[in-house]
Every structure is written in C-alpha cells, then in structure tokens.
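K.L.:
One structure follows; several queries about it will come next.
The values are calculated or read from the model by the stated rules, or taken from the named source; none is laboratory data. Computed from a prediction, not measured in an experiment: that's the story for all the values here. Reconstructed Cβ throughout: ideal geometry from the backbone, glycine too, with neighbour counts over all protein chains shown.
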Amino acid sequence: MNPVTVRSDLREFLEPASIAIVGMSADATKHGGRVLANLHKLGYSGEVCGVNPKKPDVPGVEVFSSLSELPETPDLVVCAVPAPAVIEVAEEAASMGSRALVVFAGGFAESGEPGIESQAELLRLVKGSALRILGPNSGGVIRPSSGIAVSFLTCLDRYPAQIRSGSVGLVTQSGGTGSYIHNLAAARGGGLAASISTGNEVDVDLADGVHALSELDEVRSIAVVMETVRNGSAFIDAVQHAHALGKPVTVCRLGTSDRGKRLMRTHTGAMANPTAVLDGVLDSLAVTVTETPGELLDVAEVMARTPAPRGGRTAVVTHSGGVAILLTDLARRIGLDLPRPSEQVRKELECYLQLGVANNPVDMGAIIGGPQRFSQVVSTLAGSDEYDMVLAVSTAHPPAHSVPRVEQMLAETDPVPVVHLWMAGDQSFQGLNLLREAGRAVTEEPRAAIKALAGMARLSQADRMVFRSDNPAATKPELDEILATASTEHATKTILSELGFSVAEGALATTADEASVIADDLGGPVVLKVNSPDIPHKTEVGGVRVSVKGGVGARSAFLEVMSAVERARPDALIEGVRVERQHTGVDVIVGAVTDPVFGPMALLGFGGVAAEAIGGAAFAPLPLSLDSAQRLIDRVTGLRLTLQRHPGKDDAPDRLADLLDAVGDILLRSEISEIELNPVTWTGSEWVVLDALLS
C-alpha cells in the first residue's frame, strides 16, 4: 500500500456558493424542477440560476438560454438534460472554467457501444480541463447541513423536518440503493450527514467520495455501496486517510455472484474486480464488509456513535439464554473476542444475578424484579479493566422497565464504549427511542452489532498495520539481473536458494546414469521432473515421477520422463531432468501477482494436488503488514487448523508469514509480474519450495 496522497476534496460539490441548473423547469416532476424544489426545501442559501434555451418562467430564479450567458461562473453546474445533450453542456461548463458538473442522465457506458463512445468523450473533456464530473448516471449529492440537495432521488419526497443530518457519510455506486438508505435513516428519526452517488464514474469515483466525506466535520463514519473499484491505489489511500482521521469505512458489496457481475455491466458499465482480490484488499484495510444496505447502515451508525476502543476484548450482557448462544455463534464466526471474566469479576457479578450465569456472555436470566440490575451488571463489566467494549443486549422485558433502565444507563459514565443491541420488540420501543435521541450506539440487528464491534476491534490494532519488512534481499538492478536467468525450474530454484529460500535439495541430470548417482546421494524417495524453458506445466506432458526409490529406480524414471516428454512436446528444448529429495507435509501455494487495478498482491492457498480440488486462494495487497500477513493465513479456510495437526505447529504460521513477505519483496523490487511457488511444503521445521515459476 502506498503512502496516503491527498486528492480533491470536491468542495464545489459539497459546499457550492452558486449553482446553475441546466435543464431548468417550472415543472417539479422533471429533473431540473425537482433539484430546484429540493434546494428550496433544504434551505440552500447560495445563488441559484437556470439554463434552458426556452427560458421558462420560474418564480424567483433567473433563467438563461445557455451557460455562456451567465454573468459569473457557478461553482456547480447541474446537468439535468437527456444523454444526447450532455456533451454540449459539459463542453460549455469546461470552457467557462467551471470546476464541478453533476450528470444525471444514463445512456452511456452501461448502454452499449454508442454510450461507451459518449462516455469516452466526457473523459477527454475531464482530462483537458479543471472540470470534475460526477456521473453520468449519478443520483447526485445530498448534504442537509449545508442545504445541498442536488438530486432527483425520491428519498427527498418528504417534509423538510424529516430530512435530517446524521453522522454517517454515504458513497454509493447505486443511486436507488442510496435513496433507500436515506429512507432507512429517516424512518429511525435520523438521517445521513452527506451522500454522493457516483454513477458510471467517468471522473469522480469511490475513492474521491470517501476522501471528501472523511474531511467533513459532521461525518464520523463512512458507508460505501460498492460494485467495483476502478482506481485501486487511490481507493486504498482514501480508506487509509479516513481511518487515520478516526472515521471507520464500511462496505456493502454488490455483484459478488457471476450473474450479479453480468448485471453490473448494464447498470453502471462497470467491470467487476476479482472477488478474492477485492476481499483481500478490504480485509487488509480493516474495512467491515456487510451483506445488505440495511446492515451497512446499522454497522456504520454504530461505528459513528462509538468512541474508539483501546482493544477488542468484548463483554456481552443479556437476559436470554438463546440470545447468548446466538451472539456467541456470531462472535466466533465473525471474529470477535469474548474472553471469560476473572474470578474476581464473576464474584462481583453474582450479587446482581438470581438464576443467571456470570460467564461471557453474561446471561442474567429473566429480569422481573427491577430494571436497575441490568445497568449495574453493564457498569461492573465496563469498569473491570478486563474489557475494552461492552454489548448491552436488551431482550424482551417488562415494558414498564424500559425507560427507567435506559435512563439509568444514560446516567452512567462508563470508562469503555457501550454498544446497545435492542431485541425487545415494540413493547419497549420507548427505551429504544431514548437511546437514539441520546445519540447512543444502538441497533436492532444482532449480526450488525457483532460486525461493528469486530470492526472497531480491528481498527484498534493500529500497531499491527505497520509493514513487516523494508529490507531488500538485493537492490532492484541486481535482482532483475539475477531473475533474468530463471528460465527453468532448476535455474529458478538455484536463484531462490541464493536469495535465502529453502528449496528441495537436488541436482540436474542430463543422463540416466547421472540421475542414478544423484538419487543415491540424496537417499530416500526422490522426485524427477523434466527441466525445460518451454514446459512450465510438467505433469501435463508426463514430465514428473514421484516416490522414486534408489539409483535403479531413478535410472528407469529418467528414461520414462524423457520418452514421454519427447512424444508430447517434440519441439521443446529439454535441458535435462531435475532429481530432488521428496518432501511430505502441508502443501500450500505461495505467490505474488500484479493485479491490473490494485497492483502487487500476495497470494496464498492450499497447494499441490489440493489447489484445484479445494480452490479459494486468498489475496492481500503488498507490502504486507503484521496484521494482513496473519489474516491472509486465516482467510485460507482450514489452513491454520491443518497446520495445528502437524509437527512444528507453533512455528508454521509465523514462518509462512515470513515466506509471504519474502516472495512479495521480490515482486516489489523487480520487473517480474508473477511468482508462483507451488507447492511449498511445511516439513515440521521449515517451508520448503518444491516447485517454482517466475514470469
């Protein structure tokens, strides 16, 4: 990941002093008229003018026949005209020196070849001027605190008092989904701090939106509705910048299925990022990923209202055994630490419990006697110095207890963040409303609560986000010169050995007699593999023999390999057959590739014959941090558990992280685009490279 670079803050979109609406209309059902009505509804105080060749009579607004007639250049131009007229509007805006243009119209890259050409023309305009374009196919910009409602979205079709500001900033590639999230926030009595609908992203993209929103004082967390990422390095920089400001980023992924990816092409014209690559990027950035827009808002709101914890140790308090089990399952699945309380804390808790259990989660049992005990248990855990966060879970309880319980909790000054999960239903809605009115972190969804807590726990581990190493094995020119000779497996392994990698001990045989001598010298079972610059995949041409014993076996295997390869690839240059010691253990594939969007990526998965059967290689951006290297291992399903069943289990993960770092270092410091070590075997004491390919 690159150092953070400051991108445009999109000031003209979020704080325009003047707005020109091209396509102005007195008809509030048309886009131009809707924008004007929405600006008036939110009380926009800046100057507004209209542009329409027909010069309709619009009360309170001066209308010009073209942008060029305007006496001054507006901060923001709103393009509320059909697609065929957009290019002309953009050209006028650029020529008059305008710096911001919102384009609502669809019919561009998402619609086929003619639209692709039109979008390319917009891109040429952007590159040749100071104009920034949001869209096309954008739902616009909404920022209630500044009276900005440059949008036609139906979420604004409500009374002005119902369009409130909040603490969550939204960047969305789907205008309709963004409108739905605005409605969800309004239904809870709240709102969003600001939203930016990026559409087809001919210019302004997710990265711009995340960076710009992170700079707004009213934004405390950022929610992203994501179909794809077009500028990988800028997106990584923007998320790192937001997190450095203490503003967590949460993402709802769209288009993760094959069919969903195909639909994306007709929605915003986007090409999907490879799922495993994008998963790896988001995980390495400590971005919380959600499944639905509702969960996105839940998690983002909880994070916005929760002070940064000092760590991830979490206590859960509930008075339902079933809910305690549910939350334990979710915490294990999502990755949230629920440590048991100490004996001292358990004794303190027992005085508040009747039939409950002083464990974690703390199950208080049915609370009928009085509302105060719940708050007392929460405060005991929060003040114990054994936990960094507390999840207070209100399940069904006597309605009369709801308000006194919440009032007592609001009166407490807890030393650690307390998040509320409200599962009491409609009988106790007054308590839920009190928490929301007080600005406390509260959600009604169990999974959202656990995801938010787990996300904040990850962000608390900033010391784990530092790069593992910055010490090259060789300088770049030297490394390129060395790697240029890696034309075969034998040559590649020789180079890797010189660079400090453990490779299977062996030698190159050019005759059957040499193969026999090498095998006898090595002792034990050996492997024979054809060595040719023209045959990267040796098994496919019969170029591999395994479990060969002794010199006699090696002589016979050498002849078999040579015969099979000559039949399958008579054109190939064969330099001989590599004879090497056979190793058994846990096989993985370790690699590094250059992704076209996100750049250098580390790769890890089960290797050897298991690679295709199990699949599911995991990725992480290079260079690796202490945190991302270990999480990369965790994201290969079953790998850590498999290593635990083999000798040297305590050393294997850390040694594997070292290997991933070393492989990534080669890619970062050379001109090669891909490294594949497959398989690499854990022998119980070290990771040994059994096969290698550089390209």
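K.L.:
Within segment 546-561, can one find any residue that is among the basic types (Lys, Arg), without any contact (Cβ under 8 Å) to a residue 60 or more places away in the chain and crowded, with 19+ Cβ neighbours inside 10 Å?
P.N.:
So far as segment 546-561 goes, yes, one or more of its residues are among the basic types (Lys, Arg), without any contact (Cβ under 8 Å) to a residue 60 or more places away in the chain and crowded, with 19+ Cβ neighbours inside 10 Å.
K.L.:
Next up: If Leu656 meets every condition in (1) more than 23 Å from the chain's Cα centre (by Cα); (2) surrounded by fewer than 21 Cβ atoms within 10 Å (Cβ to Cβ); (3) closer than 20 Å to Asp279 by Cβ apart from one, which number is that one?
P.N.:
(2)
K.L.:
Output yes when any residue across segment 104-116 is within 27 Å of Glu437 (Cβ to Cβ), at pLDDT 95 or above and assigned by TED's automatic domain parsing to the domain that holds Leu76, and no when none is.
P.N.:
No, because not a single residue in segment 104-116 is within 27 Å of Glu437 (Cβ to Cβ), at pLDDT 95 or above and assigned by TED's automatic domain parsing to the domain that holds Leu76.
K.L.:
In segment 205-232, how many residues are in contact (Cβ under 8 Å) with a residue 40 or more places away in the chain, over 14 Å from Arg11 (Cβ atoms) and not in a helix (DSSP H, G or I)?
P.N.:
Adding up the residues that qualify gives 14.
K.L.:
So which of Glu514, Glu540 ends up being among the acidic types (Asp, Glu), within 44 Å of the chain's Cα centre (by Cα), assigned to a helix (DSSP H, G or I) and not assigned by TED's automatic domain parsing to the domain that holds Asn678?
P.N.:
Glu540
K.L.:
Another one. Would you mention how many residues in segment 660-678 are part of a helix (DSSP H, G or I) and among the polar types (S, T, N, Q)?
P.N.:
Qualifying residue count for the region: 0.
K.L.:
List every residue pair whose Cβ atoms lie under 6 Å apart, where the two residues are 6 or more positions apart in sequence or sit on different chains, the first residue falls within segment 330-347 and is in the same structural domain as Arg313 (by TED's automatic domain parsing), and the second residue, located anywhere, is among the basic types (Lys, Arg).
P.N.:
Cβ pairs passing all conditions: Leu330/Arg447; Ile334/Lys451; Asp337/Arg313; Pro339/Arg313.
K.L.:
Let me confirm something: among Asp521, Asp587, Asp571, which residue is charged (D, E, K, R) and in contact (Cβ under 8 Å) with a residue 60 or more places away in the chain?
P.N.:
The conditions single out Asp587.
K.L.:
Would you call Ala331 at pLDDT 95 or above and buried (at least 20 other Cβ atoms within 10 Å of the Cβ)?
P.N.:
So Ala331 fits the description; yes.
K.L.:
What are the residues in segment 161-207 that are in contact with a Lys or Arg (Cβ under 7 Å, 6 or more places away or on another chain) and closer than 20 Å to Leu434 by Cβ, if any?
P.N.:
Correct list: Ser167, Ala186, Arg188, Gly189, Gly190, Gly191.
K.L.:
From the list Ala602, Ala572, which one is in the same structural domain as Gln644 (by TED's automatic domain parsing) and either farther than 30 Å from Asp627 by Cα or small (Gly, Ala, Ser) (or both)?
P.N.:
That would be Ala602, the only listed residue that is in the same structural domain as Gln644 (by TED's automatic domain parsing) and either farther than 30 Å from Asp627 by Cα or small (Gly, Ala, Ser) (or both).
K.L.:
Could I ask something else about it? Restrict the check to segment 24-33 and report whether at least one residue is touching a residue at least 12 places away in the same chain (Cβ under 8 Å), among the hydrophobic types (A, V, I, L, M, F, W, C) and not in a loop (DSSP other than H, G, I, E, B).
P.N.:
The answer is no; no qualifying residue exists.
K.L.:
Moving on. Restricting to segment 583-593, name every residue that is in contact with a helix residue (DSSP H, G or I) (Cβ under 9 Å, 6 or more places away or on another chain) and either over 25 Å from Asp534 (Cβ atoms) or crowded, with 24+ Cβ neighbours inside 10 Å (or both).
P.N.:
Val586, Asp587, Val588, Val590, Gly591, Ala592
K.L.:
Quickly run through segment 114-156 and pick out the residues that are among the charged types (D, E, K, R) and surrounded by 23 or more Cβ atoms within 10 Å (Cβ to Cβ).
P.N.:
Residue satisfying the conditions is Arg143 alone.
K.L.:
Name the residues in segment 82-113 that are surrounded by fewer than 20 Cβ atoms within 10 Å (Cβ to Cβ) and part of a loop (DSSP other than H, G, I, E, B), would you?
P.N.:
Correct list: Pro82, Met96, Gly97, Gly107, Gly112.
K.L.:
When you go through Leu42, Leu36, Leu10, Leu70 one by one, which is the residue that is on the phi > 0 side of the Ramachandran plot and not hydroxyl-bearing (Ser, Thr, Tyr)?
P.N.:
The match here is Leu10.
K.L.:
Of all residues in segment 209-257, which are in contact with a Phe, Trp or Tyr (Cβ under 9 Å, 6 or more places away or on another chain) and of a type outside the set (Val, Ile, Thr)?
P.N.:
Ala212, Gly232, Ser233, Phe235
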